[in-house]
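Here's the structure we're looking at; comments come further down.
The values are calculated or read from the model by the stated rules, or taken from the named source; none is laboratory data. This structure is a prediction, so every number in the text was calculated from the model and none was measured. Here the Cβ is made from the backbone with ideal geometry for all residues, glycine too, and neighbour counts use every protein chain on show. To get the accessible areas, we keep the full protein, side chains included, count just its heavy atoms, and leave off ligands, DNA and RNA. Shrake-Rupley method; radii C 1.70, N 1.55, O 1.52, S 1.80 Å.
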Amino acid sequence: MRDKIESLLKEINNLTANSKEELETLRIHYLSKKGEISSLMNDFRDIAADQKREVGQKLNELKEQAQDKFNALKVKLEGQDVSVETIDLTRTADTYQVGTRHPISIVRKKICDIFARLGFSIAEGPEIEDDWHVFSSLNFAPDHPARDMQDTFFISHGADILLRTHTSSVQTRVMEQTQPPIRIICPGRVYRNEAISYRAHCFFHQVEALYIDRNVSFADLKQTLIFFAKEMFGSDTKIRLRPSFFPFTEPSAEMDISCNLCGGKGCPFCKHTGWVEILGCGMVDPNVLKNCGIDSQIYSGYALGMGIERITNLKYQVKDLRLFSENDLRFLRQFESAT
Ligand code: DAH
């Protein structure tokens with residue numbers, strides 16, 4: 001047995017392997033359950049008791065050397081040390097799958113942050129509203145088309161309970177409860193009875209701003225608009241105001257910004273005009289102040305309102321409005337790095 005061990009030791013020391021297959025053949029031959037070493041182990045039982053110690057030691061030595069040799073050959077073949085558990089401490093850790101902010105939330109936050117820097121604070125109101133806060137207090141004539149069932153979702157006709165069609169309703173709620181100075185920004189979801197398509201949805205989001213104080217003028221409104229446009233879309237952004245009409249403001253205007261996709265040169269997005277409309281605004285109609293218990297002889301103010309989806313489209317070029325509410329992760333994950 002001793003001779004057998006010695007000759008195996010020599011054999012093993014001289015082993016080489018040129019491929020994984022060769023190495024596996026060697027492993028089976030020497031180290032597997034039916035291999036040479038196992039069979040020696042079996043024979044070991046019959047060894048005379050007084051020799052057991054010495055032969056046992058030799059046998060263990062053989063076993064260790066065979067295993068070491070096998071590992072060394074494997075490392076050589078694979079370029080990897082298999083006898084040690086391999087942990088590459090220099091590798092960057094697996095990243096956690098973090099959630100993403102919704103693009104509408106990102107833009108809403110941006111808008112609110114800009115106005116917060118001008119001293120506006122956030123005000124919120126209910127989505128289920130009544131006719132007074134959404135229409136009547138805001139000077140909508142009784143036969144105004146917005147009151148039509150085709151434009152507005154009514155919950156209860158008799159009691160005039162409806163889903164708000166704009167966040168201007170929050171103006172009324174705040175003015176009814178607070179005396180000026182009032183400087184608020186009202187973000188929220190609004191509903192309109194529209195057929196859903198890539199460019200219209202039955203719910204979307206708006207931000208409304210309201211500033212009421214002594215001596216507030218259209219010049220204050222314009223300065224605020226210029227500041228907002230440059231902060232939101234970059235310092236090269238230009239604005240233009242076009243006369244418009246809203247029941248709750250007089251005078252009223254719509255604001256365009258220079259198209260930030262083509263830099264004002266003209267492209268399909270701005271319909272080759274170089275301008276895109278982003279919001280409505282104006283001086284709060286004295287009737288609205290009166291309706292809300294504010295003395296229009298002492299106070300004046302401006303209001304403005306914009307759709308968050310529209311601003312988001314301009315910032316991120318989302319071509320289909322429906323993407324905002326479908327929760328498709330392939331879409332949402334594109335906003336991972338946005339804040
Ligand atoms: N409420 C208007 C809308 O939903 C937007 C708007 C226009 C708000 C002019 C205003 C404003 O405060 O002054 O279309």
Pull up all non-local amide H partners of Ile122: gap of 5 or more, or a different chain, and H-to-H distance under 5 Å with H placed in the peptide plane.
Ile185
What pairs in Lys222/Lys290; Lys34/Lys69; Lys4/Lys76; Lys10/Lys76; Lys230/Lys290 have C-alpha atoms more than 26 Å from each other?
Lys4/Lys76; Lys230/Lys290
First select every other residue whose beta carbon is under 11 angstrom from the beta carbon of Arg199; then total the charges, Lys and Arg +1, Asp and Glu -1.
0
Highest-fluctuation residue, Pro247, Pro142, Pro180 considered, GNM on the chain with Cα pairs under 10 Å:
Pro142
Mean Kyte-Doolittle of at least -1.0 plus a Cα span of 20 Å or more along the axis: flag which DSSP H helices in the chain meet both, please.
103-117, 218-233
Contact order normalised by length for the chain, with contacts defined as Cα pairs under 8 Å and 6 or more residues apart; what percent is it?
15 percent
Grab the Cα-Cα distance for Tyr198 and Thr90, subtract it from 0.36 nm times how many residues apart they are, and report the gain in nm with one decimal.
34.1 nm
Summing -39500 (n - 2.57) over every DSSP H run of at least 4 residues in the chain and dividing by its residue count gives a helix-only mean residue ellipticity at 222 nm, to the nearest 500 deg cm²/dmol, of -11000 deg cm²/dmol
Can you give the accessible area per residue of the chain, in Å², using a 1.4 Å probe?
57 Å²
Excluding ligands and nucleic acids, what accessible area in Å² is computed for His133 using a 1.4 Å probe, to the nearest 10?
20 Å²
Calculate one ³J(HN,Hα) per residue across region 321-334 by plugging θ = phi - 60° into the Karplus curve 6.51 cos²θ - 1.76 cosθ + 1.60, and present them in order as whole Hz with x for glycine and proline.
4, 5, 4, 5, 10, 8, 6, 7, 4, 4, 6, 5, 5, 5
So which trypsin sites (Lys or Arg not before Pro) in region 86-167 end up in coil per DSSP with only 16 or fewer other C-beta atoms within 10 Å?
Arg91, Arg101
Once the dipole of the chain is set up from charges on Cβ (+1 Lys and Arg, -1 Asp and Glu), the residue from the list Pro187, Tyr299, Ile87 lying farthest towards its positive end is Ile87
Using alpha carbon centers only, region 293-322 is separated from region 101-151 by a whole-angstrom value of 8 Å
Which one, Gln51, Gln150, Gln206, has the greatest fluctuation when you compute a Gaussian network model over the chain with C-alpha springs under 10 angstrom?
Gln51
DSSP loop GluC sites (Glu not before Pro) in region 74-168 with at most 15 other Cβ atoms within 10 Å of their Cβ, which ones?
Glu85, Glu124, Glu127
Based on the mean of other Cβ atoms within 10 Å per residue, sort peptides 273-285, 256-268 so the most packed one is first.
273-285, 256-268
Carbon and sulfur: what percent of the chain's accessible surface (1.4 Å probe)?
49 percent
Would you kindly enumerate the cysteines in the chain that have no other Cys beta-carbon under 4.7 Å from their beta-carbon?
Cys112, Cys186, Cys202, Cys281, Cys292
Packing-wise, with mean Cβ within 10 Å as the measure, how do 198-204, 229-235, 307-313 rank, highest first?
307-313, 229-235, 198-204
Identify all aspartates and glutamates with a Cα-Cα distance to Lys265 below 16 Å; exclude those on the same chain that are fewer than 8 residues away in sequence.
Asp236, Asp256, Glu277
